Amino acid sequence: MEIIITEDECPICGNIGGITKKIITETFEYKNHKLDYPNYIVYECGYCGEAIVDGKTLKESGVAIREFYKKVDGGEL
Ligand SMILES: [Zn+2]
């Protein structure tokens, strides 16, 4: 896991400098199957504790998750 402290403003509480960018491997589970999704970017605020998933990550992982669900439902996994 990679952790980067940013100087960004928190969109939830408005505090500046408390946002930590984390690059993790997120694991999604569906019907006893697991999907490891690397380079999953999350921003965490040290002030309010909110975790915000990066917009691009959310979009791309959404596509990957739908494909994963389709494969599980289709019996490919
Ligand atoms: Zn905050």
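Here are a few things to note about the model shown:
- Sum of -39500 (n - 2.57) over DSSP H runs of 4+, divided by residues of the chain (222 nm, nearest 500): -8500 deg cm²/dmol
- Among the GluC sites (Glu not before Pro) within the range 26-77, those in coil by DSSP and having at most 10 neighbouring Cβ atoms inside 10 Å are E76.
- When the chain is treated as a GNM with alpha-carbon contacts under 10 Å, the residue of I23, I41, I12 showing the greatest mean-square fluctuation is I12.
- Under the convention that each Lys and Arg Cβ holds +1 and each Asp and Glu Cβ holds -1, the size of the dipole of the range 3-77 around its Cα centre is about 280 debye.
- Here the Gaussian network model covers the chain, with springs between Cα atoms less than 10 Å apart; of K31, K56, K21, K31 fluctuates the most.
- With the alpha-carbon atoms of the chain aligned to their principal axes, the span from lowest to highest coordinate is 47, 21, 18 Å, starting with the largest.
- Cross-link pairs beyond the 26 Å C-alpha cut-off, checked among K34/K56; K31/K59; K21/K70; K34/K59: K21/K70
- Full extension of the chain between K31 and L77 gives 15.5 nm of extra length, using 0.36 nm per residue less the Cα-Cα distance.
Computed from the coordinates by the stated procedures, all read-outs in this text should not be read as laboratory data. Source: prediction; values computed, not measured. Neighbour counts run over all protein chains shown; Cβ positions are idealised from the backbone, glycine included.
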